[in-house]
């Protein structure tokens with residue numbers, strides 16, 4: 001039976017399909033570049049279902065314990081508790097809690113697709129390269145990672161200090177690559193030991209995900225003396241040896257971001273007597289996260305805000321001090337980084353200087369690919385394809401700045417490579433918006449019984465003990481605190497009608513989905529509209545007060561019209577008879593009362 | 001000229017209980033001696049199926065009957081009839097359950113159940129979720145009779161469907177049964193009072209013990225030892241026989 005649905009039905013269906021809140025992801029999940037179901041695992045933690053929580057995290061992230069420690073957690077910035085009360089859920093800390101509590105190899109999904117016969121070379125084993133390797137391996141491609149260093153993880157391993165991310169945690173989680181059968185060639189530097197051109201010949205596709213591992217230093221007079229280094233080299237040395245050959249006793253770190261904090265705090269742990277951080281910005285404009293800044297201060301790092309290094313002083317070929325000028329403004333009128341210096345000068349003594357002033361991407365492509373600012377390769381931002389067929393870029397080399405973004409770019413590059421290998425167009429029918437952070441349109445009023453509950457914080461090792469060691473200083477949430485913290489989640493999803501209506505649950509996940517499918521197909525099974533009780537309980541609980549019963553009633557009319565005046569439902573033959581009798585002379589009567 | 005009243009019992013009530021029809025007409029006649037009565041369907045099931053043209057003809061014939069009886073104000077015992085007539089805006093329409101408190105109960109009924117050991121859970125009909133006067137009238141009547149009552153969490157304007165709505169019983173019986181079971185589970189006590197005969201049938205199908213409010217008004221006092229009247233509507237033969245008997249009652253009473 002072909003049913004022509006009328007304007008009214010289509011109007012209601014379109015409105016619901018476009019705006020039903022049941023289709024909206026929670027703020028945290030939409031914001032996460034990998035779209036981790038944070039609400040889902042937070043709920044499972046609250047219910048004490050830790051294995052399920054870990055599995056929920058692992059649906060999207062192979063690094064639960066790592067990201068639980070070091071993720072910049074954009075999800076927390078958009079958490080509804082943040083928006084309403086300025087106290088987001090400790091999403092990252094809860095992720096770490098679940099991972100520490102329950103993650104083990106038996107929970108890992110190590111299945112992968114049938115061999116495709118296609119091969120992919122990935123340069124770099126950081127979060128982007130590893131994610132791309134996992135996604136492509138899962139599809140059955142043969143994947144080889146080329147890693148310059150003897151260890152895996154890229155900046156996670158040699159950029160982030162062990163007191164924030166213990167190596168054991170990272171190494172354990174990277175074990176997943178082995179389980180999946182990703183081939184890894186350590187100690188091979190692409191661009192030196194193997195040329196990109198060679199990889200292109202040997203493999204069906206290549207992804208460059210080698211990160212930004214060149215420490216940048218501004219040109220300053222007198223910097224060609226000993227005792228001056230950059231963050232990348234310093235932190236890498238610290239990662240391998242927990243010591244640094246360049247490190248003296250009186251250290252100056254230049255820079256105001258989280259990397260500068262990592263350098264300062266690592267220098268203290270490496271044995272420096274005094275560490276001072278100097279940055280252009282005023283205290284209130286510091287780019288570093290507040291948490292990192294406070295931790296550094298608690299450990300004894302000294303801060304000098306609003307100064308710029310102008311000149312180095314040296315003795316016997318080693319740096320012995322810096323000369324600074326005051327900084328009046330960091331950003332110019334056009335919004336660009338363009339520090340304006342004043343006339344004040346000041347000198348400080350030191351024996352070591354570490355620049356934490358940015359990182360560049362090394363060119364390993366031998367000029368084959370165009371580079372832009374910071375050495376990043378010029379790519380199509382939607383597909384991460386380069387001008388060279390079969391060569392893609394991911395991670396910091398393509399512009400990410402935090403690990404979770406790097407992973408999302410890794411995934412994006414894998415989607416592109418997968419299409420490339422199958423000969424499918426890179427953009428065809430692809431929803432790019434969902435491959436990155438997006439804003440949730442969730443707008444349901446707060447339930448009236450919601451109150452402001454304080455955010456719970458993990459246990460932290462005392463500062464005086466922290467600086468003695470590279471052991472992890474964040475001790476995580478304990479059981480009671482984790483439960484309380486997980487219980488604060490406002491569960492930003494709209495399932496009110498699905499909770500109320502039994503019928504909808506038999507046919508869909510939410511009305512938005514039901515009517516989207518109806519509109520896309522232009523049809524619906526008759527049993528769906530004819531299963532509605534017309535009780536309007538859905539409308540009663542719907543924040544938008546959508547009248548589903550009206551849509552279903554309209555559909556019924558259209559079905560009847562297309563079915564010669566009768567309901568298409570078999571059982572309704574009985575109603576027809578019933579109605580005929582109910583209007584028949586045998587069972588009806590009208591009796592006029594006396595005057 | 002005096003307002004002429006009419007009574008319309010609907011379909012499920014005459015199919016359920018000719019005795020309740022008889023006693024209700026008698027009660028109304030005491031107050032309105034000129035009372036007319038119309039027993040006919042309002043066409044709500046036809047409407048629910050989506051049969052627009054049939055509905056027009058069927059509802060039209062009901063309007064003709066009411067007009068024939070020269071009724072100014074029609075008192076209705078079925079919530080669907082009430083809404084259908086109100087929507088048509090042809091007559092002054094009032095629910096029997098709203099009218100009861102205005103008329104008052106016969107003296108001999110007041111407090112008759114004061115000694116009953118039953119606590120009734122009240123199930124409101126979902127089509128009149130927004131008609132507070134009906135909810136109040138039902139509670140007033142139960143209090144006058146002397147019954148103790150309790151409200152489920154979903155009550156009055158938050159009431160839930162009994163499972164009968166939308167003509168889904170013949171279309172999707174398994175789903176209808178689950179809706180009925182859930183509504184019975186909503187009830188805080190074993191004994192349930194309703195004011196729609198179809199709701200009563202649903203409550204019985206869902207495993208509850210349910211009485212129509214007219215059973216409580218005109219019938220014996222319900223105690224813990226009482227069993228609810230049988231589910232007449234589940235048997236088409238009995239239901240149609242009752243409908244015919246109710247017609248005969250009307251034929252006999254209104255002269």
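Elements of the type helices (runs of 4 or more DSSP H) sitting completely within the range A:112-212 and holding at least 2 residues that are closer than 22 Å to residue A:386 by Cα: these cover A:127-138, A:196-202. Against the criterion of being over 19 Å from residue B:143 (Cα atoms), touching a residue at least 40 places away in the same chain (Cβ under 8 Å) and surrounded by 14 or more Cβ atoms within 10 Å (Cβ to Cβ), residue B:94 does not qualify. Candidates in the range A:49-71 are the residues that are without any contact (Cβ under 8 Å) to a residue 60 or more places away in the chain and assigned to a loop (DSSP other than H, G, I, E, B); of these, the one that is surrounded by the most Cβ atoms within 10 Å (Cβ to Cβ) is A:60. Residues being surrounded by fewer than 24 Cβ atoms within 10 Å (Cβ to Cβ), within 20 Å of the chain's Cα centre (by Cα) and either assigned by TED's automatic domain parsing to the domain that holds residue A:177 or within 30 Å of residue A:522 (Cα to Cα) (or both) are represented in the range A:28-40 by at least one member. For the range B:182-196, filtered to residues that are assigned to a helix (DSSP H, G or I) and more than 19 Å from the chain's Cα centre (by Cα), the residue that is surrounded by the most Cβ atoms within 10 Å (Cβ to Cβ) is B:186. Filtering the range A:418-474 to residues that are surrounded by 13 or more Cβ atoms within 10 Å (Cβ to Cβ), touching a strand residue (DSSP E or B) at 6+ places or on another chain (Cβ under 7 Å) and not in a helix (DSSP H, G or I) leaves A:426, A:458, A:460, A:461, A:473, A:474. For the range A:562-595, the set of residues classified as more than 7 Å from chain B (Cβ to nearest Cβ) and under 53 Å from the mean Cα position of the chain (by Cα) consists of A:562, A:563, A:568, A:570, listed by residue number. Restricting B:121, B:61 to those that are at pLDDT 95 or above, assigned by TED's automatic domain parsing to the domain that holds residue B:25 and at negative phi reduces the list to B:61.
Among the residues of the range B:147-170, those identified as surrounded by 24 or more Cβ atoms within 10 Å (Cβ to Cβ) and part of a helix (DSSP H, G or I) are B:165, B:166, B:167, B:168.
Screening residue A:517 against (1) modelled with pLDDT of 95 or more; (2) touching a helix residue (DSSP H, G or I) at 6+ places or on another chain (Cβ under 7 Å); (3) under 28 Å from residue A:552 (Cα atoms) leaves a single unmet condition, (2). Please tell me if residue B:82 is within 11 Å of another protein chain (Cβ to nearest Cβ) and modelled with pLDDT of 95 or more. Here the answer is no, as residue B:82 does not meet what is asked.
Filter the range A:273-303 down to the residues that are in a loop (DSSP other than H, G, I, E, B) and touching a helix residue (DSSP H, G or I) at 6+ places or on another chain (Cβ under 9 Å) and list them by number. Residues satisfying the conditions are A:286, A:287, A:288, A:289, A:299, A:300, A:301. Just one residue in the set A:490, A:477 is farther than 30 Å from residue A:514 by Cα and at pLDDT 95 or above; that residue is A:477.
The values are calculated or read from the model by the stated rules, or taken from the named source; none is laboratory data. No experiment lies behind these values; they were computed from the predicted model shown. Heads up, the Cβs are rebuilt from the backbone with ideal geometry, glycines too, and the neighbour counts pull from every protein chain shown.
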